[in-house]
Each structure stands twice: as C-alpha cells, then as structure tokens.
C-alpha cells in the first residue's frame, strides 16, 4: 500500500491528545505540505466570544471561549487562516460534534473545517460535507483528493471557490474503496446466485472434459488421463486472415488467455488436435471460478455445428442455458447485466451460408464478453479485432511422453511401427495418437492411414455392440451402421454438420420398415428406440432437436459407407461430387473400403490430386489408369510452378511401384529443375538400394540453397542418407560438420531426434556427435544454431561425463556468449546430483562471468537431478539477482506448503526482482486471490511486482485488488513519476479499461494525450503509447493513432521507426479508418520512390503486409490498380508484389484471375511469385465456386 497507510496502519491512540500529536500533525506536515509553525494550537490562537456548540449536558468540556484544536495559517500569519481542525478521541462519533465545529468556523471566520478521531476523517464547507474517509486505508486511497482540498500548494494559490470548483465529490465523499468493493462482490454474489444451479450443472456435465463422450467405448482399453491443456497444447500467433504464422515464439495457453485488450480469440487446428477438449476444459474452469467467486464470468459452451435449421446463435445460447438449469427471460438484457465467457466450438462445421451471420453475432457478443472460437484452418472466421492462434502439432518429446505413459517398455516397437507406416505426422495429432496407442495396445500393430485407423476404431465399436448380451443389446451393429451411414451422408449432402431429429426420423422410418420386413428387428420398433441405440454407440450425439457425430472423422467414415452403396449403383456420382471440396475426404475414405477403385479414378479425371490421394489410400486399380496418373505426374515435374512440382513428386513417391521407382531413378539422368532432383534424393534413398546409394554418394557435396523457399540441397542429401543405418548417420554428421545452411540445421536435428527417440544410438554415432558439438563450441564464429541443435539431440541421451567435460570448458571461459544456451540444454538433461553440485560451486566462484552464471542457474532450474529444497534456497542468496531469481522460481518444483516460508521471505523483502518472482509463484499456485482478500499484499512493493500484479488482476478479473491499482496510479501521479515510467502507466491504463474502470483509464491516458495532441515530448513515449492502444478505449485509440500519424508520418518518412509502429498499430485495431491510412501510406511511398536516397521502394511490402491482415474486399480495385507498379526487387523475389497477391488470395474475386495469370506469365523465373499466384488463383476459385481442372489449372494457363 501507500506511504500514508504504512505510516499510520499500526498506530493506536488512547486519547484526543495522541490523535493530535501522532496523527494530525504528521498528516499536515508529511502529506499536506505544512511546516510546524503553520499549525497554530488552540492555546496560541485568539479566542472569540461566541455561543458554543458543545453539549454540556453530555459532559462537553469546552467553555464558551472558542478555540479549535488547531488553526492552519500560511507562514504562521494569523491573518492568513485557511482552515481549522478539531481533534476527537478514538472511538468518538464525529457527527455528534457538528454543531461545535460550525461554531469554530464562525469563531475564526473560515468555512473549511476538518475533524478526525485518528481513524475517520471529515472535511466540511461549513454545513456541507466535502471529504470523508472511514479509515486509514480509505484515506490512503483518497489522499490525492485531500491534497487538492487542504494541501498547502492549493490553499496558498487558490481561493476557496476555485478549490471547490475543482473538487470531485464522487471521489472525496465516497464510501471507502473497500466498502465499494465489498458491495460489488456482494452484488455479484447475488447476481451469480441465479446461476448457482446452472454452474453446478456445468461442473458436473464437463467434469469428464477429456473423454470423447460418456458412451464412446472404442478406446476403453486405455485409462484416458486428464492432461492439462495448459501443458499439452502449444500455439503460435497467426494472421487472422490467412492463418499464416506471424511469430516464431511458441505460446502456452495462459499467455493467450492473459493478453489484455482482446475479446475474440480464434484457435485453429486440424481435426483431432484437442480443440474441443480445450474448450470443455475452459468451460469447467470458468464454472469453478464463478462458484468460488474468484471470477464472475459465466461460461457458455456452444457446438456451432448445430447452427441452421431455424437455430441461430442466440437460440443455441438460450437452449444451452436452459438445458443446464437457467431459464433466461430477456436475452438482450441478460447479456448486458451479466459477464459471460462464450466458448464456440467448430466454426468450420457451420454451413457456408450461415458463416457471415455467425461472425456478426460473435462480434456483437465480443464487444462486451470474452469469446473463444475453434475451427479448422479451412474456415477461419472473419471477426474484427480478433486474435488468431494456431495449435501446433505435438512435439516428438510430447509424443514419447504420452506414448510411454500408456505402454512403457513397448514404446520403441510402437514408434518403429509409426515410422514404418509413415504415420509420423498423424502421431503428432492428439486424438489419432490415442487411437494408435489403443489399437497397438490391443493388436500389437496399427493401420497405415487415417481412414483405416478410423475404420479400425469403428469396428471396435461394432464388436462391443455385438458382444452385448440379448438383454442389453438393442440392435445389431450392421443395422446401426446402416442408420449412421444414411444420417452421415445426408448431413454431408446438405453441407451441414448436424441434422434435425425430425429429418432423421424420416430417414430412419424407411430403414425400420425395411428391417422389419426382413425380420431383422422386432415388429413395432420405434424411431425413439433406434435413436437411443444410436446414441449408445457413442458416435452420435443428440442435442436439443439435433443429431451430430461427435467427431468429423466418424462423419466422414459413415458418409463413405453410404457413398459406397450409391457408387456401386452409379459410378457417375464420383465425377459429380468431386467438384465440391466437402466430398473429398468422404471419397478418399470410400476408396479405403473398396476392393477396386478403377472406376473412381476414371471419375476423377479432372481432379488429379484427389485421384492421387485415392491411389495412396488404396492402390487396387487397373494398371492402365494408374499408369495414366503416373504419366501425368511425371509431366508435372516440369511445371513452371514449384509447388506443383513438389506435389507431383510427393505423389510419385507415395504411389511407390516399380514404374515410379524407375522414374525417380531416371530423374538423375535427365534435365530437371534443381528442386526436383533434390526431392528425388530421399525418395530413392527410401529404397535403401545400392543403386540409390551410388547416386546419393555422387551428390554428397552438392550445396545449393534458397532461403526464401527454405530449400537446401544438403537437407535432401542427409534425408537420403538417413535410410542407410548407422553408416548413413555417420555420414550425416560429416556433412553437418561441413555445411551450415539453416534448412540443413533443422533437417539434421529432426533426423537425429527421431532416431534417438525410436532407438538407442550406437557408441560410434554418439562419439561423432559429441565431438562435433565440442568442435562447434570451440569454433570462433558466433553462430549458435548448430551447437543448439546438436545439444538438443545429445540431451535425449544424457552423458554425465561428457556434460562435466563441457562444464570444464565453460569454467575456462572458452564458450562464446551466443553458444551458452546450448550449455543449458546439455546440463539440465543429466540427472546427476554430483554434476549439479559442481555447477553450483562454479556459480558461486568468485569472478565468474555474470551471463555464464545465469545460464548455469537456468540449467539447474530445470535439472533432471533430484535436488533438495536447500540446494535452491542457497542459490536464492546469490549476489547476482538474476541467479537468485531463477533459483527462487525453481522452488516451484516442490509442493507449495514446503517452500511457502521461503517464497514469503522474498515476497515481503526489499529486492524488487525477487519480490516480483515470489508473487509469480503465488499466482501460479493459486494463492494470489487469498493474498489480496486477506490484505497481505506486500508493502512496499516495487515496479516489477506492479507488472506482475496487473497481469494477475487481468487473469482473475479480481475486483478486490483495485485499491492496489489505485495506489499505483497515485504513485505514478506523485511528482509526475509517469513521465519516466510510461510502460507501467500504459499497462495500468489497459488494465483499468479491462476491469471496467474507464474513468481511471482515461485519467492515465490524459497524462500523455489531451484528445488532440501529445502532452509529453519524446518519440519513445509516443511509440510505447501507440503499441498499447489496442488495450485502450477504441475511440481514444483512434485519436492517439490519428495524432501520431499527423506528427510522424507526414511527408517522406518511410525510413523512420515510427512508420513501422503505426502499421503494427493498424494491424492491432483495424477498421476502415486504418485501412484508409494504410492505403495513404502506400500511395505516399509510390510518390517518394523517385526521390534520391529514398528507401521507399524497399518499404512498400510493409503496408501491404498490414493490408493482408486488416483488408476488406472493397480494397480489391485499388490493389489491382497498382499491381503493375510492384514488379521490382527481383533479388528478393518481389516481396511487395507477393504481399499484394496474398491480399488477393484472401479478399479477391474472379476479376483478379486474369491479373494473376498475367503476373505469373511475366515472372515465370520467380518461384516464389509463381507459388503465391497459384495459391491465390486456387483460393479465389474455391471461394467463388469456380471449377478447376487440376490437370490444366493455373500452371497450364500460363503464357
């Protein structure tokens, strides 16, 4: 808390004299600015004969001569009386002395009167109460107002009228801040009481958030574990328009959740990546927090696949609330009077005709409530001011950890089968990995495609269904499968994700009649009976009056069963359906269950890539058709478009028969693009043949690379070598030593990580890698990528002796600064206590390099060694605060109660960084809320702690912590500290806005911006303010951006840092005004390009990058109008032109297609331009429903 609170919180008074001496005088001198000679005691001030207000009947002690306890006179001059003070004993009620106080006022001829009992304090303007604080804490919160009212500076410079005119009575005569907070909490308790039954129902319904459905038994041979999505899932920020990753930084969910100023968060990932489980987990967590009153957001989980059939988003929300025990009366008022967190699952399942409507509805809700939306990458919702995050595939380490948890020592064989079946990518999908583990656990083997994996899981459902005894089994599996197939097909046919029960009843009625006729089911079987049986499979869910499959994998599988029956009757159905993307996976799945797919391939003559995928799924096809596909792919290897060549090569490799293997070998005797030759190397290496090895050996030193295309000949060479056992891997080490392109580093690391995970490496290979690591450490260059990659590989096979050797080198100061990060990776993987103790001794060694010590501390924090608490407690006393801070964080390894005292020691200590880290540990362990509620927050606290506090307040939306925020505001205001601590001020402003304290957020911003101009000079301050505007009120944010634009971006300013800052801000807040400014910047750059020395031509890519993120279809004509001006800078593959084409990919219409063809024809020598042109061309055709012939698409039309 504040200084006043600290000074007075522990003081107690026994009588009126102590209140005068120990409270009033320190308050006047230390906080209101008066000297002791300006505080005139009653005995020194001349008395006046006036009627007293003292009640003698109640024992009043004052006589008729009126002398207030103190009179405050400027410079001690009795002629400059400013106000009077009356002191009362502790516990006395101030209201009982108002008559006496007014008499005092008359006696000295002044209107301002202060009365206090050492706790409560009041100030009157004769009869009017103008300031009131109920206690010391309340007085601390209102101290700024008291200073405005009675502080010497104002009293000396202003008249009483001027002081009163500037006074804010809402602040000075309010209830105590704690009272207000208590009342808010009580109000919310009352408000949430209506939802209490609902929240309890949510916790019950979502407690098994990690399970597919309560009735799905196909993977019951596994005890599915609850793995916290916060730990399991990783994300990267992506463009809300393109889905492309915009940052390399890997994020965990709490980092996404805590980001202020963002209401809509879109989480995108492929089928099975854990999107639904995450939202269900968040629903449960939000409900539990609301029940505990740690947050007041009410969770509402909506499966968006139910949209349609007369149900809009509002209907689904209302139905969800009712289904779980809350009866909404007025929907619009409900959203205004309550705080919700909406969790919208599977936007990609919303039919296209409803998607815009759903986006508008979510955007409206997001104006006042937090929204999370999951979707697959093929359908990213366009919601203004949203943030998009891509769920990353599981890492190899996570796959290993999950797999070992279920199968222990069988893991290596399991992983080898994954490798051999080509299921590495599939194993990084959480759901498919669980399916694979379940199938392997039962059979000791696994299918080799997603369709076959799904089919195997469904067969287990059927086996379970048919194994039930007669009493429990409702219907045979073949009948249920038929019903599921018809429902799935109709769902796909209508481009929906669900079906109304009434529509399903029509389908089922016909099947029931048919099966009754065949005597496969009893006469009189009802539709309801069949629906119940379908639900019991766990594959189909009934919700309200809708049916839907719990996962898209099963929808596709059963639709494929139905499609098979229709295809056998009419082969032409494939050609008709293949023009629509939604049928592609269904057609592929159908191929996996056909005995021959020749007619399917013939029906796909215009869909080359789809035909190829079907061949990979099922190679049972007439050789003539297969040869025709292979011939076409061979021609595609000469396509001018690199992406087409790459795709053709992948399919040739996948088809894998004698002819394709011959074609791949012949590539090296013919003239082909370099990238084709590169891709052919691992394709032939996979055969392991001597002939292939000879070709690879001939190209061991082929070293060409293209950073823009992320292509390196060496990366393909080492991939090819990886198929030749230890000898091949030893050669990879030699090539890795010799060459250093970025793609090669990534490829080598992947090869060895996968090898080390699946099997124990031989001693020769380990020795070679260790020696390579040592040699790279000793190399004079400053590049860290290679040593970091090697260290990560070696960490999978920890070697304590080798680690000690590396530690000795570090102790001698022989490791360059950038390479020290690899040391952390190496040291932390070893479980040797002896090694850890040696590291600790080195850290405490006198004269050790500070950065080395800090890196070693990082290694100990995550050390695999079983180290005791005392080990880390000792490190917390290190004189290097960064080391001590890391050691303190390491205590999180232990149960909180065991390290609580040590954490508290630093929380209440005087070292700022350690205090902040201690608070982070409390937040992480769920102790922050109690710390605030029990008024145990440290005092004083420092700036780093303030930042941690603000983050925690946003995370928990903790109203009780607002007094702490008020104190930060007061501290920043005092002596205009905000002038040099703008970062904290801006974060505080954003937090106030997030917490609904708009007036305080505006007050802080007003220190820097008055609505039209910046009040403080300094580019650094203005830049920081711009970077935070997305967390502020939108109107205020635009005003700041407008002022910034006028100040810094007028004229030729393209080389300024401010140019970048403005465009980053434009990406954050979007809107038509920002789009206009982005176009204005681009236009200005065109005009600036001819100025000698201008950098404008190299800056044009930047505004187009912004336009990709915030653009609208209305910008298309403008973009098309300037395309011909962007064909320059060939050395960097026309970056500004590629950005413009990327815009067209997401917003363009058919009018852009001729421009794309013309651009591709002119720049056939630019691989990057051709790739993006084709991507844009295909995206527009898909969006505009223009049929594309894969055999003669964009590449075929190039002139």
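Can you name every residue in segment 397-411 that is surrounded by 14 or more Cβ atoms within 10 Å (Cβ to Cβ) and farther than 20 Å from residue 226 by Cα?
410, 411
One residue is enough: does segment 28-36 have a residue meeting the conditions modelled with pLDDT under 90, touching a strand residue (DSSP E or B) at 6+ places or on another chain (Cβ under 9 Å), closer than 28 Å to residue 136 by Cβ and in the same structural domain as residue 149 (by TED's automatic domain parsing)?
Filtering segment 28-36 down to residues modelled with pLDDT under 90 leaves none.
For segment 28-36, residues modelled with pLDDT under 90, touching a strand residue (DSSP E or B) at 6+ places or on another chain (Cβ under 9 Å), closer than 28 Å to residue 136 by Cβ and in the same structural domain as residue 149 (by TED's automatic domain parsing): absent.
Going through 1040, 1004 one at a time, which residue ends up being in contact with a strand residue (DSSP E or B) (Cβ under 6 Å, 6 or more places away or on another chain) and either outside the structural domain of residue 262 (by TED's automatic domain parsing) or within 24 Å of residue 1125 (Cα to Cα) (or both)? Explain how you work it out, then say what you get.
Numbers: 1004 fails: in contact with a strand residue (DSSP E or B) (Cβ under 6 Å, 6 or more places away or on another chain).
Just one listed residue meets the conditions, 1040.
Being surrounded by fewer than 17 Cβ atoms within 10 Å (Cβ to Cβ) and not in a helix (DSSP H, G or I) narrows it down to one residue among 595, 624; which is it?
On the way: 624 fails: not in a helix (DSSP H, G or I).
Selected residue: 595, the only one of 595, 624 that is surrounded by fewer than 17 Cβ atoms within 10 Å (Cβ to Cβ) and not in a helix (DSSP H, G or I).
How many of the residues making up segment 1097-1112 are closer than 10 Å to residue 1143 by Cα and assigned to a helix (DSSP H, G or I)?
Step one: filter segment 1097-1112 for residues closer than 10 Å to residue 1143 by Cα, giving 1104-1112.
Applying the additional criterion that residues be assigned to a helix (DSSP H, G or I) yields 1104-1110.
Total meeting the criteria: 7.
Exactly one condition in (1) more than 25 Å from the chain's Cα centre (by Cα); (2) more than 17 Å from residue 1031 (Cβ to Cβ) is false for residue 1000; which is it?
(2)
Restricting to segment 1014-1042, name every residue that is closer than 20 Å to residue 981 by Cα and in a loop (DSSP other than H, G, I, E, B).
1015, 1016, 1017, 1018, 1032
Step by step: first the residues of segment 932-946, then only those that are in contact with a helix residue (DSSP H, G or I) (Cβ under 9 Å, 6 or more places away or on another chain) and surrounded by fewer than 19 Cβ atoms within 10 Å (Cβ to Cβ), then the one that is farthest from residue 907 (Cα to Cα). Which residue is that?
So in segment 932-946, the residues in contact with a helix residue (DSSP H, G or I) (Cβ under 9 Å, 6 or more places away or on another chain) come out as 932-933, 935-946.
Checking which are surrounded by fewer than 19 Cβ atoms within 10 Å (Cβ to Cβ) leaves us with 933, 935-936, 939-940, 942-943.
Working: 933: 16, 935: 14, 936: 10, 939: 9, 940: 10, 942: 11, 943: 13 Å.
Taking the candidates together, the pick is 933.
Please report, ordered by residue number, the helices (runs of 4 or more DSSP H) entirely within segment 844-952 with at least 2 residues that are closer than 25 Å to residue 140 by Cβ and without any contact (Cβ under 8 Å) to a residue 60 or more places away in the chain.
Values: elements: 850-861, 869-875, 881-890, 896-907, 912-924, 928-933.
Qualifying helices (runs of 4 or more DSSP H): 896-907, 912-924, 928-933.
Of the numbered conditions (1) outside any helix (DSSP H, G or I); (2) within 19 Å of residue 382 (Cα to Cα); (3) out of contact with any helix residue (DSSP H, G or I) (no Cβ under 7 Å at 6 or more places or on another chain), residue 327 satisfies every one except a single condition; which is it?
(2)
Go through (1) assigned to a helix (DSSP H, G or I); (2) free of Cβ contacts under 8 Å to residues at least 40 places away in the same chain one by one and return the number of the condition residue 966 breaks.
Evaluating residue 966 over (1) assigned to a helix (DSSP H, G or I); (2) free of Cβ contacts under 8 Å to residues at least 40 places away in the same chain leaves (2) as the failure.
Quick one: residue 540 ticks every box in (1) within 36 Å of the chain's Cα centre (by Cα); (2) closer than 15 Å to residue 213 by Cβ; (3) surrounded by fewer than 20 Cβ atoms within 10 Å (Cβ to Cβ) bar one, so which box is it?
(3)
Does segment 496-523 hold any residues that are over 30 Å from residue 353 (Cβ atoms) and part of a helix (DSSP H, G or I), and which are they? Step through it out loud before you land on a result.
Filtering segment 496-523 down to residues over 30 Å from residue 353 (Cβ atoms) leaves 512-523.
512, 513, 514, 515, 516, 517, listed by residue number.
Looking at (1) assigned to a helix (DSSP H, G or I); (2) under 23 Å from the mean Cα position of the chain (by Cα); (3) free of Cβ contacts under 8 Å to residues at least 60 places away in the same chain, which one does residue 991 not meet, given that it meets all the others?
Condition (3) is where residue 991 drops out.
Would you please name the residue that is surrounded by the fewest Cβ atoms within 10 Å (Cβ to Cβ), looking only at residues in segment 461-497 that are over 38 Å from the mean Cα position of the chain (by Cα) and at pLDDT 90 or above?
If we take residues in segment 461-497 being over 38 Å from the mean Cα position of the chain (by Cα) and at pLDDT 90 or above, then 478 is surrounded by the fewest Cβ atoms within 10 Å (Cβ to Cβ).
Using the structure shown, decide if residue 662 is surrounded by fewer than 17 Cβ atoms within 10 Å (Cβ to Cβ) and either on the phi > 0 side of the Ramachandran plot or in a loop (DSSP other than H, G, I, E, B) (or both). Step through it out loud before you land on a result.
On the way: surrounded by fewer than 17 Cβ atoms within 10 Å (Cβ to Cβ): yes; either on the phi > 0 side of the Ramachandran plot or in a loop (DSSP other than H, G, I, E, B) (or both): no.
So residue 662 does not fit the description; no.
Quick check: is even one residue across segment 398-406 over 30 Å from the mean Cα position of the chain (by Cα) and free of Cβ contacts under 8 Å to residues at least 12 places away in the same chain?
no
With respect to residue 565, is the statement that it is in a helix (DSSP H, G or I), out of contact with any strand residue (DSSP E or B) (no Cβ under 8 Å at 6 or more places or on another chain) and either outside the structural domain of residue 492 (by TED's automatic domain parsing) or surrounded by 16 or more Cβ atoms within 10 Å (Cβ to Cβ) (or both) true?
No, not satisfied.
Which condition from (1) over 30 Å from residue 708 (Cα atoms); (2) part of a loop (DSSP other than H, G, I, E, B); (3) in contact with a helix residue (DSSP H, G or I) (Cβ under 7 Å, 6 or more places away or on another chain) is the one that residue 740 breaks?
(1)
Checking residue 493 against (1) touching a helix residue (DSSP H, G or I) at 6+ places or on another chain (Cβ under 8 Å); (2) without any contact (Cβ under 8 Å) to a residue 60 or more places away in the chain; (3) assigned by TED's automatic domain parsing to the domain that holds residue 533, which single condition isn't satisfied?
So residue 493 meets the others, but not (1).
Identify, please: which residue in segment 679-726 is touching a strand residue (DSSP E or B) at 6+ places or on another chain (Cβ under 9 Å) and part of a helix (DSSP H, G or I) and is, among those, surrounded by the most Cβ atoms within 10 Å (Cβ to Cβ)?
To start, the set of residues in segment 679-726 that are touching a strand residue (DSSP E or B) at 6+ places or on another chain (Cβ under 9 Å) comprises 703-706, 711-715.
Imposing the further condition that a residue be part of a helix (DSSP H, G or I) reduces the set to 713-715.
Details: 713: 22, 714: 27, 715: 25.
Top of the filtered list is 714.
Can you tell which of 1155, 1159, 1150, 1106 is modelled with pLDDT of 90 or more and surrounded by fewer than 19 Cβ atoms within 10 Å (Cβ to Cβ)? Reasoning before the result, please.
Numbers: 1155 fails: surrounded by fewer than 19 Cβ atoms within 10 Å (Cβ to Cβ); 1159 fails: surrounded by fewer than 19 Cβ atoms within 10 Å (Cβ to Cβ); 1106 fails: surrounded by fewer than 19 Cβ atoms within 10 Å (Cβ to Cβ).
Step by step, each of 1155, 1159, 1150, 1106 is checked, and only 1150 is modelled with pLDDT of 90 or more and surrounded by fewer than 19 Cβ atoms within 10 Å (Cβ to Cβ).
Just a yes or no: is a residue in segment 354-370 touching a residue at least 24 places away in the same chain (Cβ under 8 Å), crowded, with 21+ Cβ neighbours inside 10 Å and either assigned by TED's automatic domain parsing to the domain that holds residue 492 or assigned to a loop (DSSP other than H, G, I, E, B) (or both)?
no
Can you tell me which of 742, 764, 779 is touching a residue at least 12 places away in the same chain (Cβ under 8 Å) and within 24 Å of residue 818 (Cα to Cα)? Before you say what the answer is, go through the steps one by one.
Numbers: 764 fails: within 24 Å of residue 818 (Cα to Cα); 779 fails: touching a residue at least 12 places away in the same chain (Cβ under 8 Å).
Matching residue, one of 742, 764, 779: 742.
The values are calculated or read from the model by the stated rules, or taken from the named source; none is laboratory data. All figures in this text were calculated on a predicted structure; none of them were measured in a lab. Positions of Cβ are generated from backbone atoms using ideal geometry, with glycine treated the same way; all protein chains shown enter the neighbour counts.
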